[in-house]
Amino acid sequence: MIRFSELPLRAEILAAIASQNYETATPIQEQAIPPALAGRDILGIAQTGTGKTAAFTLPILERLSAPRDGKPVVGRPGEIRALILTPTRELAIQINDSIAAYGAGLRLRHAVIFGGVGQKPQVDALLRGLDILVATPGRLIDLMNQGHVRLDRLEVFVLDEADRMLDMGFIHDVKRVVAKLPKQRQSLFFSATMPNEVADLAGRLLREPVRVEVTPVATTAEKIEQSVVFVPAAGKRQLLIDMLRADPSMHRIIVFTRTKHGANKVAQYLEKAAIPAAAIHGNKSQNARQAALEGFRAGSVRVLVATDIAARGIDIDGVSHVVNFELPNIPESYVHRIGRTARASASGVAIAFCDDGEERVYLRDIEKLTRTPIKVIERALLGSTGAMEVEIEASRPRQAAPAAKNPPSKNPPAKSPPGTRNPRRPTKASTPVAAEGDRRRPPSPKEAEQQRSRVKAPGGRPASAFGDLVAAINGAGPDHHRPPSHSNRTRRSSDR
Ligand code: AMP
């Protein structure tokens, strides 16, 4: 671990970092900042939450604030010296905010442009000339086509979240931007995974890059206490409300749904239950999205209900819980989602609601990718929808965990990044849920007895009260004498 003061950054930048209370560099910063400062191209395999924004921003600030011939270099009207391309508006805004924070003591001009809002202020900023522009691809291409953007004096190009650009269909826009860049430049390229198209782009973009890689997607979940609750789709909303009512430690929660419509419905349902909530997704206006984020940051919105695309890159400290209200069909999305909690060095809790259908398959794929069986907390149907059925860890197959069935060497998904992205998940029809084997098998009488004894609360009280579910999720569950989650994981893998 290196301290920032050991890095050759100017005093104003070091002071700004100190005012953020950062002391040591994160691994991606430690690896990327020195070569980037030396002018090298960087190929970074990292995702949000690793500190990668500062990893590319600090060298840019250092470079652009260096005087030439004893004088500060001033960007000319209409020109841009550094361009940071990023997939979502939220991420663009956050990067611009980080530039403002880290560059507070410098006199560099920076601006952010994205679609969905009027272009006039953006065009005005471009006309004045910018040291650093943060942009999403669509609006940038629009403004380029209108002749408002000149890239011929560009010194540094950053492509952030390249794999997400691919997912969101931006890859062609990105290629069109890249085609306009001057040949003489420094390029910094970041992606959480390296599907072929992204690797191909990196190959075209970068010159003898220094490759830096941290926290491959499959291992990012280390600091996160993960659990899954089996619950029919129809019982999920009530379960969510019951949890939120029972557990005050759930104070800043992101709930993920698969669809925009689903996000709206969950948010409305929570509001009706007097739980402050807001939905954030691609159909919301930019103002509504910002208002939701600001309310969430400030604490007036307790639950942010989000779809994947809107949530990507949301960087809000202190997210206590991530609830996967619906499991994603792409296992990497699960890892990105839960990464919204446990930011920087904090820890966090992630709870997945898994129904009886396709989600069982998604869950198995997630466990394969992360190589970690997710702790089964309880099978619960609560409130108006039915009685609770208790099914603690004994329901999990002891010998049939996916990673054990497929040792790493034969298990491509776990090894896939860098290189390949898992194909879209098969449908229920193409992959029978029955293939999951033990997970759906009813417990034998002996196992049922074990379950009963396991879910006894400390005082011998059966753990059927909802508070026990919440306590279990928080790691002090009904069988609170169990070792904490990390040792649980160890124990379970040795069981296999
Ligand atoms: P990022 O991966 O850039 O989205 O950063 C994730 C979070 O880590 C942000 O909230 C940053 O403010 C924070 N962060 C970045 N670098 C450091 C550092 N060296 N020490 C502590 N926190 C950091």
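On the given criteria, is Arg3 closer than 28 Å to Pro72 by Cα, within 11 Å of the ligand (Cβ to nearest atom), over 25 Å from the mean Cα position of the chain (by Cα) and among the charged types (D, E, K, R)? Judged against the criteria, Arg3 is a match. Checked against the criteria, Ala11 counts as more than 14 Å from the ligand (Cβ to nearest atom) and either surrounded by fewer than 20 Cβ atoms within 10 Å (Cβ to Cβ) or within 13 Å of Gly103 (Cα to Cα) (or both). Taken together, the residues in region 185-197 that are at pLDDT below 95 and out of contact with any helix residue (DSSP H, G or I) (no Cβ under 7 Å at 6 or more places or on another chain) amount to 2.
Rundown of residues vs (1) in the same structural domain as Glu359 (by TED's automatic domain parsing); (2) in a helix (DSSP H, G or I); (3) out of contact with any helix residue (DSSP H, G or I) (no Cβ under 7 Å at 6 or more places or on another chain), yes/no style:
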position	(1), (2), (3)
Leu240	yes, yes, yes
His251	yes, no, yes
Ile254	yes, no, no
Ala263	yes, yes, yes
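Of all residues being charged (D, E, K, R) and over 17 Å from the mean Cα position of the chain (by Cα) in region 149-177, which is nearest to Leu126 (Cα to Cα)? Just the residue, please. The qualifying residue nearest to Leu126 (Cα to Cα) is Arg150. Just one of the listed residues (Gly282, Gly235) is out of contact with any His (no Cβ under 9 Å at 6 or more places or on another chain) and at pLDDT 85 or above, and it is Gly235. For region 77-116, the tally of residues that are closer than 14 Å to Lys52 by Cα, hydrophobic (A, V, I, L, M, F, W, C) and touching a Ser or Thr at 6+ places or on another chain (Cβ under 7 Å) stands at 3. Residue-level analysis places Ile93 outside the set of residues that are crowded, with 22+ Cβ neighbours inside 10 Å, in contact (Cβ under 8 Å) with a residue 12 or more places away in the chain and either assigned by TED's automatic domain parsing to the domain that holds Asp163 or within 13 Å of the ligand (Cβ to nearest atom) (or both). Return the residues of region 24-75 that are more than 8 Å from the ligand (Cβ to nearest atom), part of a loop (DSSP other than H, G, I, E, B), in contact (Cβ under 8 Å) with a residue 24 or more places away in the chain and of a type in the set (Val, Ile, Thr); say none if nothing qualifies. Residue satisfying the conditions is Val74 alone.
Looking across region 144-178, the residues that are assigned to a loop (DSSP other than H, G, I, E, B) and in contact (Cβ under 8 Å) with a residue 40 or more places away in the chain come down to His148, Val149, Leu151, Asp152, Arg153, Leu154, Glu155, Asp160, Glu161, Met168, Phe170.
Taking first residues from region 109-129 that are assigned by TED's automatic domain parsing to the domain that holds Asn283 and modelled with pLDDT of 95 or more and partners that are assigned to a loop (DSSP other than H, G, I, E, B) and small (Gly, Ala, Ser), no Cβ contact under 7 Å between residues at least 6 apart in sequence or on separate chains turns up.
Output yes when any residue across region 273-282 is within 16 Å of the ligand (Cβ to nearest atom) and closer than 21 Å to Leu240 by Cα, and no when none is.
no
Does region 292-314 contain any residue that is within 30 Å of Tyr22 (Cβ to Cβ), at pLDDT 90 or above, within 16 Å of the ligand (Cβ to nearest atom) and assigned to a loop (DSSP other than H, G, I, E, B)? No: zero hits.
Go through Val117, Val158, Val174, Val178 for me and flag whichever is β-branched (Val, Ile, Thr), within 16 Å of Arg204 (Cβ to Cβ) and surrounded by fewer than 19 Cβ atoms within 10 Å (Cβ to Cβ).
Every option except Val178 fails the conditions.
Could you tell me whether any residue of region 59-72 is of a type in the set (D, E, K, R) and at pLDDT 90 or above? Within region 59-72, one or more residues are of a type in the set (D, E, K, R) and at pLDDT 90 or above. Screening Ile17 on (1) within 12 Å of the ligand (Cβ to nearest atom); (2) at pLDDT 95 or above; (3) part of a loop (DSSP other than H, G, I, E, B) shows it passes everything except condition (3).
The values are calculated or read from the model by the stated rules, or taken from the named source; none is laboratory data. Remember, it's a predicted structure, so these values are computed and weren't measured experimentally. Positions of Cβ are generated from backbone atoms using ideal geometry, with glycine treated the same way; all protein chains shown enter the neighbour counts.
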